[in-house]
Amino acid sequence: MINRADQAGEYILSKMRKELNGSFYYHNVSHVLDVLQSAELIGRSEQVNEADMELLKVAAMYHDAGFIINPDNHEKLSCDIAMEILPGFGFNNQEIEIVCNLILATRVPQSPRNLLEKIICDADLDYLGRDDFFTTGNKIFREFQARKMVADEREWNELQVKFLAAHNYFTATSIKLRSTKKAEHLQKIKQLLQKA
């Protein structure tokens with residue numbers, strides 16, 4: 001039997017597939033599925049109980065839904081969408097409030113207040129400390145160019161250096177699994193900038 005979290009997730013993913021602007025090369029369904037997978041991995045490692053895991057998964061699937069409407073302030077819009085849709089899948093007000101808090105916690109600069117918020121923040125930026133960092137980063141670069149947020153690769157790399165230097169993982173799991181690799185990526189980009 002499909003549970004309510006999977007049903008609610010399938011609903012929003014199908015909506016995103018249909019309605020998202022094609023210039024979101026990064027903020028799309030594959031990013032959402034990546035965050036979902038990372039949230040589950042970190043959540044299991046951090047021994048999150050089933051009830052919390054369900055809300056974490058729902059938040060991961062809804063955290064960028066606001067991009068359908070507008071990329072600016074998308075966390076707030078994602079929360080609005082969750083509040084509108086989730087009651088139809090049997091979620092109560094208290095559960096939806098937790099989901100909204102999780103979504104809002106992903107806003108950069110991140111400042112999570114509890115374990116679940118720390119997990120979703122780490123899941124959202126899991127790629128920073130992974131082998132697919134540069135491939136993923138390239139999608140963000142293309143998206144930022146399309147949105148006129150960066151002019152060229154140099155500006156993008158300068159932005160990445162600032163971002164990586166300021167970023168910290170919050171959970172013991174992510175610190176252990178991702179911090180070393182993230183530091184290597186930062187060094188690589190600094191070297192690229194020196195050569196340029």
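Coordinate-derived values only; no laboratory data. All figures in this text were calculated on a predicted structure; none of them were measured in a lab. Don't worry about glycine lacking a Cβ; one is built from the backbone with ideal geometry, like all the others, and counts go over all protein chains shown.
Quick notes on this structure:
- Relative contact order of the chain, pairs being alpha-carbon contacts under 8 Å that are 6 or more residues apart, as %: 22
- Ordering Trp156, Gly137, Pro87 by the projection of their Cα atoms onto the charge dipole of the stretch 4-195, which places +1 on the Cβ of Lys and Arg and -1 on the Cβ of Asp and Glu, puts Trp156 at the extreme positive end.
- Rounded, prolate or oblate (a/c below 1.5 giving rounded, otherwise prolate when a/b exceeds b/c) for the stretch 4-195 by Cα gyration tensor: oblate
- Helix 93-105 vs. the chain, principal-axis angle (Cα, 0 to 90°, nearest 10): 0
- Potential extension, Lys188-Arg154 segment - 0.36 nm per residue separation minus Cα distance: 10.9 nm
- Residues Leu193, Leu102, Leu77 arranged by fewest to most Cβ contacts within 10 Å: Leu193, Leu77, Leu102
- Using θ = phi - 60° in the Karplus curve 6.51 cos²θ - 1.76 cosθ + 1.60, the 3J(HN,Hα) couplings for the stretch 154-163 round to 4, 4, 4, 5, 5, 4, 5, 4, 4, 5 Hz; x is entered for Gly and Pro.
- Length-normalised contact order of the stretch 76-164 in % [C-alpha pairs under 8 Å, at least 6 apart]: 16
- For the residue pairs Lys76/Lys182; Lys18/Lys76; Lys15/Lys139; Lys15/Lys162, the C-alpha atoms sit more than 23 angstrom apart in Lys76/Lys182; Lys15/Lys162.
- The stretch between Gln7 and Asn168 holds 54.7 nm of extra length on full extension. This uses 0.36 nm per residue minus the Cα-Cα distance.
- Of all stretches in the chain that contain no trypsin sites (Lys or Arg not before Pro) in a DSSP loop with at most 11 other Cβ atoms within 10 Å, the longest one is 1-112.
- Sorted by Cβ density within 10 Å, fewest first, the residues Cys79, Cys100, Cys121: Cys100, Cys79, Cys121
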